[in-house]
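Trainee: Got a structure for you, questions after.
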Amino acid sequence: MNTGPLVIIGASCAGVNMAIAARELGFEQRILLLGEEADLPYHRPPLSKAYLAGKVSEGGLALRPAALFSSLGIELLTETRVAAIDRSGKAVRTLAGEQIPYGRLALTTGCRPRTLSCPGATSENVLMLRTLADARRLRAAAATSAEIVIVGGGFIGLEVAASLAMSGASVTVVEVEQQLLAHSISRYASDALMHLHRARGVNLRLGVKVTEIESASDRARAVRLSDGSVLPCDLVIAGIGSIPNDELASAAGLLCRDGVMVDQFGNTSDPAISASGDCARHPNPFAGGRHIRLESVQNATDQARSAAASLVGKPEPYAKVPWFWSDQFDLKLQIAGLVPTSGTKVIRGELDSGRFSVFHFSAGRLVGVESLGRPTDHLFARRCLAQNLAIAPEILTDTSVDLLQAASAGRAAALAGTENHKPPKPELAPARTSLDQA
Amino acid sequence: MPKVTYVLSDGSSRVLDLPVGVSLMEGAINNAVPGILGDCGGSCACATCHLYIEGAQAGSLPPVSELEDDLLKGAAAERRPTSRLGCQVLVAPDLDGLTVIIPERQT
């Protein structure tokens, strides 16, 4: 195989996994892993969780030890920002002016946080969270702040709220929608999180917008809301979504549409260039083959491994079950598959207890499962989705049935047929709980 | 540093000197031992660092928490009495000489 060096732009979860997988799969050329940040590659998920809550130190964040990269012959270039991709010359040019030739190029550029645009948004104590450097700033600022306002009731906002509230800060979350995570999870899960945060002392302001951040001497003093109310604060944190870093690809003429467009093997419109992770819009079998972008550790690792397999000439379509988790206070929310906006829902467990799973069916097929404090349901769901098992809803509503044991004991037939996708029979489920035609 | 032997699914083994306090998952990941993924970074969320712990020291391990127990039920490979999640077992001086067996699959 004479492909020339593999150059990977982006040294986070997807980039690191791509590099290591390429070596494990026998890629023998040079591998250069280019990262913008000064820090060695690290785990991002703990930044908003254990790191911010002070439960893990920086030393515990490394994705891999530095020595491992060198032992695998992976050349890690930190603080290296790419200015442009020259596709005809097969080289990338860094901001410092260096030309780095490639045989194959991998884009694992991730995404960046959307910024607030209201007046006062650039005050020095208005922070965001994406990188370890951001997290350091945020942790230091939070330690000296009594009143913290978080703009955005999404995963980042809520995880940060929980971590800071656990450290004793007074925290308010402002969310423009009437519910938390309105576009990501079901109403059931959203309501449970709302109750959890309120019970733990987080002030939730739903259905209101931030109109202005009032500041003095470049420091935010208060946040003004669309209902006229004013929240005094000494720290503002924005978690209002993210934007894929597809500008390099776009400028190089690669097909982009809110993310770098790739096929099922991770290839962009240029066969010498792949993309994976947060920045890649890919056809996903769990979305009915639609092109979607997923911002998750699972997608970053699995898609990067898939792209590495294509690189070494062993292509396999990317078809891994999407999964995701979020830790808020002592609750673990896990999602397997994708949560549809409509369809049939079956609840397993008691809603009032805050520990339950929502199984989502679309056209009779299981498509996604949200689990709150029920990790066994989550793993069961991942197995069912991976093996394309059909599930009868009446089994799900009976919490005395050990789903995994049932599956492991070869009683899959009792749950459903494995080959044919028998549509579940909603009318057989107990009416009291759980069926809800959305 | 305590020595830990990882037996790979192909029957070969890797002997590592691991610092006290790292988890058996981290020990494997940090040294590119194949067959242990640790996709969630040790958050006890994914069950992809499943391993079997053999030998006398198995008895001196910390007990399995409820969360670990739940995750082990869902591990991709067969669960055995010796099953643990590598992220939940930290290397300690009395684990010197430990042998762990990596299952055939993690996903």
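The values are calculated or read from the model by the stated rules, or taken from the named source; none is laboratory data. Bear in mind the structure is a predicted one, so any value in this text is a computation, not a measurement. For neighbour counting, all protein chains shown are included, and Cβ atoms are generated from backbone atoms with ideal geometry for every residue, glycine included.
Trainee: For the structure I just gave you, tell me whether A:S269 is under 17 Å from A:A106 (Cα atoms) and in a helix (DSSP H, G or I).
Mentor: The answer is no for A:S269.
Trainee: Say whether the condition of being away from chain A (no Cβ under 11 Å), more than 26 Å from A:V321 (Cα to Cα) and in contact with a Pro (Cβ under 6 Å, 6 or more places away or on another chain) is met by at least one residue in the range B:71-92.
Mentor: Yes.
Trainee: Residues to consider are B:E66, B:E54; find the one that is closer than 23 Å to A:A336 by Cβ, charged (D, E, K, R) and out of contact with any helix residue (DSSP H, G or I) (no Cβ under 8 Å at 6 or more places or on another chain).
Mentor: When all the criteria are applied, what remains is B:E66.
Trainee: Looking only at the range B:70-107, how many residues end up being in contact with a helix residue (DSSP H, G or I) (Cβ under 9 Å, 6 or more places away or on another chain), charged (D, E, K, R) and closer than 24 Å to A:R382 by Cα?
Mentor: Going through the range B:70-107 one residue at a time, the tally reaches 5.
Trainee: Further question on the same structure: Do any strands (runs of 3 or more DSSP E) entirely within chain B hold 2 or more residues that are closer than 28 Å to A:S296 by Cα and within 13 Å of the chain's Cα centre (by Cα), and if so, which?
Mentor: B:50-54, B:83-85
Trainee: Shifting gears a bit: Residue under question is A:A14, and the condition is that it be at pLDDT below 95, within 14 Å of chain B (Cβ to nearest Cβ) and within 24 Å of the chain's Cα centre (by Cα); does it hold?
Mentor: No.
Trainee: Kindly list the number of the only condition in (1) buried (at least 24 other Cβ atoms within 10 Å of the Cβ); (2) closer than 27 Å to A:R382 by Cα; (3) more than 14 Å from chain B (Cβ to nearest Cβ) that fails for A:D302.
Mentor: Going through the list (1) buried (at least 24 other Cβ atoms within 10 Å of the Cβ); (2) closer than 27 Å to A:R382 by Cα; (3) more than 14 Å from chain B (Cβ to nearest Cβ), A:D302 breaks only (3).
Trainee: Okay, next question. Considering every residue within the range A:94-105, establish whether at least one is touching a Pro at 6+ places or on another chain (Cβ under 9 Å) and free of Cβ contacts under 8 Å to residues at least 12 places away in the same chain.
Mentor: no
Trainee: Considering only the range A:312-413, give the helices (runs of 4 or more DSSP H) lying wholly within it that have at least 3 residues that are within 24 Å of the chain's Cα centre (by Cα).
Mentor: Fully inside the range A:312-413 and qualifying: A:375-387.
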